[in-house]
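These notes are about the structure you will find just below.
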Amino acid sequence: MRWQGGRRSGNIEDRRGIHPAVGGIGAGGVILALIGYFVFGIDPSTTLQAVSQAGGEAQQTQQAGVEGTPQDEAGQFVDVIETSTDDVWSAIFRQQGRTYRPPAGVVLYDEATPTGCGAGQAAMGPFYCPADQKVYLDLSFWQELEGRFGAKGDAARAYVIAHEIGHHVQNLTGQTERAQRLGAKGAESGSVRLELQADCYAGVWAAHAAEVSHGEVALDPKDIEDGLRAASAVGDDTLQRQAQGRVVPDAFTHGTSEQRMRWFRKGVDSGDPAACDTFSAARL
């Protein structure tokens, strides 16, 4: 995947090495524990213990991180991909006669950090918080992505970032509220439809990245396969089999591996956000 030399906006807040004050677990920690279970198959008790030890509902007065482009290659990669996603969505919104507003930033952290949605903990993996419009990313997840899920390469990592920015797009366009209104549980839930749409939006970014960046950021067919592999690795059915040896569709929150790959591919092939309407789709 081509990315070095890509434009950097510096929309990064680097909190690595900064640790939150100790507090209780609170509702936010419980919510994140549930996210960790359903998204990554992590035992909730493990997450709650980690949240408690790392700071739980960390105080919002924690020292702010360093804003701008980090000096290390991993941090620069996140900056380039986040900037590329913003450039792509800015162009798409402009074509629609709208103005795109970038996320408030991507926060790099380790172990735990306060967020507008409660205490963020590394075991949760990357996530987007609608309350403060930030993406939270512990870079140790790259090792998890490769080692546990078998999804290697820069393109797999870029897919993850583009998926989370996809949630920001949904927040701007009202799709997040739409999913909440739909509610329900399991395979047909608003949560599953929201996540599959974010996968499709990640594909839309991949389809336009080279065009918008004038080739500075570009994915070739092998990179797309790496993205598909990452989407497959975090399917609900795959994670449930790993965690408990069986599949429970009623507990789905993100969609199956096949669904996640198919919607990502739909975004890549169409390059059109309108093709990502999982809420009206007859078949998820």
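Here are the numbers for this structure:
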item	result
Residue satisfying condition, being closer than 23 Å to GLU73 by Cα, outside any loop (DSSP other than H, G, I, E, B), in contact with a strand residue (DSSP E or B) (Cβ under 6 Å, 6 or more places away or on another chain) and β-branched (Val, Ile, Thr), within set THR113, THR85	THR113
Residue in region 227-249 that is in contact (Cβ under 8 Å) with a residue 40 or more places away in the chain and among the basic types (Lys, Arg) present	yes
Extreme residue, modelled with the highest pLDDT, among residues of region 217-246 that are surrounded by 24 or more Cβ atoms within 10 Å (Cβ to Cβ) and more than 16 Å from GLY150 (Cβ to Cβ)	VAL217
Filter result for HIS208 (closer than 16 Å to SER84 by Cα and over 19 Å from the mean Cα position of the chain (by Cα))	no
When residues of region 93-110 are limited to those that are modelled with pLDDT of 95 or more, assigned to a loop (DSSP other than H, G, I, E, B) and not hydroxyl-bearing (Ser, Thr, Tyr), the one surrounded by the most Cβ atoms within 10 Å (Cβ to Cβ)	PRO103
Test result for ALA151, in contact with a Phe, Trp or Tyr (Cβ under 6 Å, 6 or more places away or on another chain), surrounded by 24 or more Cβ atoms within 10 Å (Cβ to Cβ) and closer than 23 Å to ASP72 by Cβ	no
Of residues in region 198-216 being in contact (Cβ under 8 Å) with a residue 24 or more places away in the chain and outside any helix (DSSP H, G or I), the one surrounded by the most Cβ atoms within 10 Å (Cβ to Cβ)	GLU216
Test for GLY10: is it within 30 Å of GLY271 (Cα to Cα), outside any helix (DSSP H, G or I), over 22 Å from the mean Cα position of the chain (by Cα) and modelled with pLDDT of 80 or more	no
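The values are calculated or read from the model by the stated rules, or taken from the named source; none is laboratory data. For clarity, every value in this text was computed on a predicted model and none was experimentally measured. Virtual Cβ from ideal backbone geometry, glycine too; neighbours counted across all protein chains shown.
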